[in-house]
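Just below is one structure, and these are the notes that go with it.
The values are calculated or read from the model by the stated rules, or taken from the named source; none is laboratory data. These figures come from a predicted structure and were not determined experimentally. Quick reminder, even Gly has a Cβ in these numbers, built from the backbone with ideal geometry, and neighbours come from all protein chains shown.
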Amino acid sequence: MKSRSEASVQGVYSTLTLLAFGLIFGACSPSENSQIGSESESILSSGKRITIALIPKKKGLPYFTSCASGAEEAARELGNVDLIYDGPTDGSPEKQASMIEQYALKGVDVIAVSPNDPEVVAPAMRKAREKGIHVITWDADAVTDARSYFVNQSTAQAIAYGMVDTMVQDLGGPEVKAQVAIVTAYLTAANQNIWIEHMKARMADTYPNLDLVAIKPSDEDQKLAFKVTQDLMKAYPDIKGFFGISSVSFPGAAEAVKQAGRSGEVMVTGLATPNSMKAYVQDGTVKSVVLWNTAELGYLTVQVGAALANGTLNPGDEQFVAGKLGEKEVAGDQVLLGDILVFNQENIDQYDF
Amino acid sequence: MKTKWFSWLSHPESLLSCLTLVMLGWICNVDPTFLQWEVQKELSTHIWETALMALPMTLIILTGGIDLSIGSTMSLCAITAGMLHQHGVPLPMGCLAAALVGLAGGWFNGWFITRLKVHPLIITLATMAAFRGIAEGVSQARPLSGFPKSFTWLGQASWLGIPLAGWLFLGCLALCAWIMHGHRLGRYIHAIGYNEVATRYSGIRVNRILLGLYCLSGLSASIAAILFMARRNTAKADIGVGVELGVITAVVMGGVSIFGGRGSLFGVCLGLVLIHETREFVSWHWSRDELNLLALGSLLILSVVFQQLLGHKRSS
Amino acid sequence: MKDGFQGLRLGKWMLGLLKQRAAGLFCFTFLALGLVSLINPAFLAWGNLRDIAVQAAPVCIISCGLMLVLVLGEIDISVGSMMGVLAASMGAMVSATRWGLSPWIAVILTLILGTLMGALNGWLIAYLRVPSIMVTLGMLTALRGVTEVIMGGTWITDLPPGIRYLGTGSWMGLPICLWVCAGVIVLSTWLIHRTPLGRRIFAIGSQPRAAHLAGLPIQRVKFLVFAWTGFLTALATLVSVPQLSVVDSGIGVGMELLVVTCVVVGGTSVSGGTGHLSGVVFAVLLMTMISTLLIFMKLGENATYWSRAIQGLFILGAILLDHLVRSKKSS
């Protein structure tokens, strides 16, 4: 237990420390107070240097790293762009929102975010817009009033339909009856949940022969995705297809099918970068991988961000010239990247990301 | 003279104050914009929930216990309020229900600990999974949003330059400080941490105090959940994942002994400041999230190593 | 005749288990198993049981080390992040596009690295007397950062067959990781029951002051136990990570929680001094079985969202049953 003298010593410390805190904050405050706002204004009007913050859903995923390499290329080509690439390493939406708030305070010109959870991130994005910062989304969309443009590689619907269509094709056509299962990231993962909605709709409308028997979370853990797939194959012996709808669950699911010796008999498809799936595509476990050109996505995002900051892209434009990519279509408030890529045995070796 | 100097430094609080001051001074040199009041005020919104939950956690760890379930309790409370709101119940009623759920969760933990004598670590590990599981099940993992403007306003409003959540924290801090220093309960809490059996035999109602503390912890989690909802305008089953780790880090960094009996609220506040400023500044200045992990981990280890080395000097 | 005799011995062994601390857990595991087998007999197929054992093996290996840490009255929550660092460095070592070392050297270096990280923990805890929760909490965060730095934003996708063999190969019909796990269990049993070190660990955990007065080398024992845990973590990494073809940066996230849950549900006292290996092994089996059980019960899509709640209730049930069995025994 604390003695009286110790307690009073503590009291002295608290007072001293609080005083010191006050001094430091006081000393730093007044001189710089007006800087943030005015600085970004002046940059905007003169069009000199532009700072773009590119925020991925989760830093450290090869998917986003390859997007970032494209973004860096665009920044180099444009010359006047300072690119910041940072995101939560654990993929937490709350941390992502905090980062947006930080960049807004720092006074960057453009915040390009791939929202991990549109709802959680939206208030922070709106706040940033109120400060006069251009907020755009890329890779995944947010609530529409929270951003000015969406750099759209494909809509949630197109991705979901693409995966279901690929599966049906791999299984041998719409008349084949088959049980399928989805291995998702987290049960609460916002993007995956939207895809699942659309996938269910597609199966119900177009492919009544597909029977979705289970949706299982893998908690972004390859090991768990592996285990869950293994268990599903045993619990449902007739299962014919797996969707690995995150870049972690896809290789896990494919490995489980391969080790069970059912390559070619049980189909696996999903979203992943070609490098992590090359081995499975070559040995036939996976027939096709759905994705888009990630480096071009990053490139286009930075181009759009810079154009917004320079004032060369305005609402109502229908075309947008994006550096080496040439003209891209603008549909309302969406800049379209182009088609989905499907990697298979023939073409997967041409891609390295 | 020299021994006195060291004995002064061997208090975790003084070491932490020095560390914090040195760091703030350094930041002031490197990037003064970071320390502007406006910036700090905005950034502080990231810490209030953790800070609020750190208070009961301090008291619990002082008794030698721990509560790992606060993050999950948070999600359960948020889902309660969100679901009720979606079914047309006015939001204040929903928040009240959330508070009750938080209390019930804390009571559940406390009941196992005091009645069945299950170790707090074990039971809160179990409820950590169970509460989040219930939240996921009830909400079907869907987000609940669309709260009224007046509610989200709570998350942004400030009074006298400090966000409302900050005032709430200061109020709770004052209350806890009074309990710890101005009321006999504070002595009992320290006593339980030192020697629970002896305390029991001295006629103090240990069980009642413990039960109360765990209820308090659940309540604080529910308040944190409401703050989160107001700030992010969303209730979802995945909020508060890993929050318990942040809270416990702040508490042990503040010099509270994990075995109970030793530590102070002032130290915990310093721990919170240090962790918050480090985290925010690293991503502010370097924009590399992986550095953040490195910095926080090493800061925790270094600060305790220093405490230990200096404390050692004093005793030898 | 001989069979009957063996059956008797088996029965006796089971009775012996029932008397132990792990009794409640034991009943609970078998109750759950029986229930699911009734619903879906496919659960008891050899292939499935083997897969469950393979999933449990790495958890079991680490738990054997962590149990000793808890018996000492300390804790180590850095094992998950350690696993991440070890997996990343192992991957970087063998990957042809990075360092391209031979698998043998990589295995040895990984084991050394794991032991060193455990030894660092142990040194800070034993010789600098920093509370273990703080050291390992710091490591939990810091090592995750190290993993990200090693991976550098890309994954390792080209593990050579030599290292994959550790995860996918089998010897005498059993996967390698089961052999390793069995070896670790036997070694730990021997360590606990037959060596002075084992007795010292229990002595220090139950009465630190008395152990100190009796002249036991407390610091050295603590140091060794933490280093041993680091070694076992490396071993677990080596047999579990090559089961997959891709090394990502999220390996081992949440592992510490799973392992601590297994060890404490298995009846190891959090305040030190008591612990039974059998209880821990059963707890590991139970914990890895739960999610498989849920899949085999085919509860339908709605139940997907309740699976975490059911897992939590399982743990609660195990705790309650354990409590009931113990209170019966003491009365």
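Some observations on this one:
- Selection status of A:Gln334, surrounded by fewer than 20 Cβ atoms within 10 Å (Cβ to Cβ) and under 21 Å from the mean Cα position of the chain (by Cα): yes
- Restricting the stretch B:271-296 to residues that are of a type in the set (D, E, K, R) and in contact with a Gly (Cβ under 8 Å, 6 or more places away or on another chain) leaves a set whose member that is surrounded by the most Cβ atoms within 10 Å (Cβ to Cβ) is B:Glu290.
- Considering residues of the stretch C:171-196 that are of a type outside the set (A, V, I, L, M, F, W, C) and assigned to a helix (DSSP H, G or I) only, the residue nearest to C:Trp46 (Cα to Cα): C:Gly183
- Residues satisfying the criterion are present in the stretch B:287-310 (criterion: over 30 Å from A:Ala128 (Cβ atoms), more than 20 Å from the chain's Cα centre (by Cα) and of a type in the set (Gly, Ala, Ser)).
- Filter pass, C:Met134 being away from chain B (no Cβ under 14 Å) and modelled with pLDDT under 90: no
- Subset of the stretch A:82-102 (residues that are in contact with a helix residue (DSSP H, G or I) (Cβ under 7 Å, 6 or more places away or on another chain) and either part of a helix (DSSP H, G or I) or on the phi > 0 side of the Ramachandran plot (or both)): A:Pro93, A:Glu94, A:Gln96, A:Ala97, A:Met99, A:Ile100, A:Glu101, A:Gln102
- The helices (runs of 4 or more DSSP H) located wholly in the stretch B:160-271 that include 1 or more residues which are aromatic (Phe, Trp, Tyr) and closer than 27 Å to C:Ala309 by Cβ occupy B:206-232.
- Of the candidates A:Leu212, A:Leu187, the single residue that is in a loop (DSSP other than H, G, I, E, B), assigned by TED's automatic domain parsing to the domain that holds A:Asp238, within 20 Å of A:Ala225 (Cβ to Cβ) and not polar (S, T, N, Q) is A:Leu187.
- Helices (runs of 4 or more DSSP H) within the stretch C:247-331 that include 2 or more residues over 14 Å from the mean Cα position of the chain (by Cα) and more than 8 Å from chain B (Cβ to nearest Cβ): C:277-296, C:301-304, C:307-330
- Set B:Leu59, B:Leu35, B:Leu68: member being within 11 Å of chain A (Cβ to nearest Cβ), touching a helix residue (DSSP H, G or I) at 6+ places or on another chain (Cβ under 8 Å) and over 24 Å from B:Leu154 (Cβ atoms): B:Leu35
- Residue-level check: of (1) buried (at least 21 other Cβ atoms within 10 Å of the Cβ); (2) more than 21 Å from A:Ala185 (Cβ to Cβ); (3) in contact with a Phe, Trp or Tyr (Cβ under 9 Å, 6 or more places away or on another chain), A:Glu329 misses just (1).
- One residue alone among B:Gly263, B:Gly255 is buried (at least 23 other Cβ atoms within 10 Å of the Cβ) and more than 25 Å from B:Gln40 (Cβ to Cβ), and that residue is B:Gly263.
- Single residue of B:Glu244, B:Glu280 found to be closer than 29 Å to B:Cys176 by Cβ and within 14 Å of the chain's Cα centre (by Cα): B:Glu244
- Considering residues of the stretch B:134-162 that are surrounded by fewer than 20 Cβ atoms within 10 Å (Cβ to Cβ) and among the aromatic types (Phe, Trp, Tyr) only, the residue farthest from the other protein chains (Cβ to nearest Cβ): B:Trp159
- Residue within the stretch C:74-81 that is over 15 Å from the mean Cα position of the chain (by Cα) and surrounded by fewer than 18 Cβ atoms within 10 Å (Cβ to Cβ) present: no
- Some residue of the stretch B:285-296 being in a helix (DSSP H, G or I), under 30 Å from A:Pro56 (Cα atoms), of a type in the set (Asp, Glu) and at the interface with another protein chain (Cβ under 8 Å from one of its Cβ atoms): yes
- Filter result for C:Ser81 (touching a strand residue (DSSP E or B) at 6+ places or on another chain (Cβ under 6 Å) and either at negative phi or modelled with pLDDT of 95 or more (or both)): no
- Looking only at the stretch A:142-151, residues that are surrounded by fewer than 24 Cβ atoms within 10 Å (Cβ to Cβ) and in contact (Cβ under 8 Å) with a residue 60 or more places away in the chain come to 3 in all.
- Within the stretch B:10-26, the set of residues being part of a helix (DSSP H, G or I), crowded, with 20+ Cβ neighbours inside 10 Å and either facing chain A (nearest Cβ under 10 Å) or hydroxyl-bearing (Ser, Thr, Tyr) (or both) comprises B:Glu13, B:Ser14, B:Leu16, B:Ser17, B:Thr20, B:Leu24.
- Of A:Ala254, A:Ala225, A:Ala309, all but one fail to be more than 22 Å from C:Asn302 (Cα to Cα) and within 10 Å of another protein chain (Cβ to nearest Cβ); the exception is A:Ala254.
- Taking the stretch A:81-111 as the range and being in contact with a strand residue (DSSP E or B) (Cβ under 6 Å, 6 or more places away or on another chain) and free of Cβ contacts under 8 Å to residues at least 40 places away in the same chain as the test, the residues that pass are A:Asp82, A:Ile84, A:Tyr85, A:Gly87.
- Flag for C:Leu174 being surrounded by fewer than 17 Cβ atoms within 10 Å (Cβ to Cβ), closer than 30 Å to A:Ala279 by Cβ and more than 14 Å from the chain's Cα centre (by Cα): yes
- Hey, A:Ala140 among the small types (Gly, Ala, Ser) and within 30 Å of A:Ala124 (Cα to Cα) or not: yes
- Within the stretch A:260-288, if we keep just the residues that are without any contact (Cβ under 8 Å) to a residue 24 or more places away in the chain and over 21 Å from A:Gly173 (Cα atoms), the residue that is surrounded by the fewest Cβ atoms within 10 Å (Cβ to Cβ) turns out to be A:Gly261.
- Taking the criterion of being away from chain B (no Cβ under 14 Å) and assigned to a loop (DSSP other than H, G, I, E, B), the residues of the stretch A:105-132 that qualify are A:Asp109, A:Ser114, A:Gly132.
- Under the condition of being surrounded by fewer than 20 Cβ atoms within 10 Å (Cβ to Cβ) and not charged (D, E, K, R), the residues counted in the stretch A:199-231 number 8.
- Within the stretch A:161-184, considering residues that are in a loop (DSSP other than H, G, I, E, B) and not β-branched (Val, Ile, Thr), the one surrounded by the most Cβ atoms within 10 Å (Cβ to Cβ): A:Pro174
- Count of the stretch A:175-221 residues which are in contact with an Asp or Glu (Cβ under 6 Å, 6 or more places away or on another chain) and away from chain B (no Cβ under 14 Å): 1
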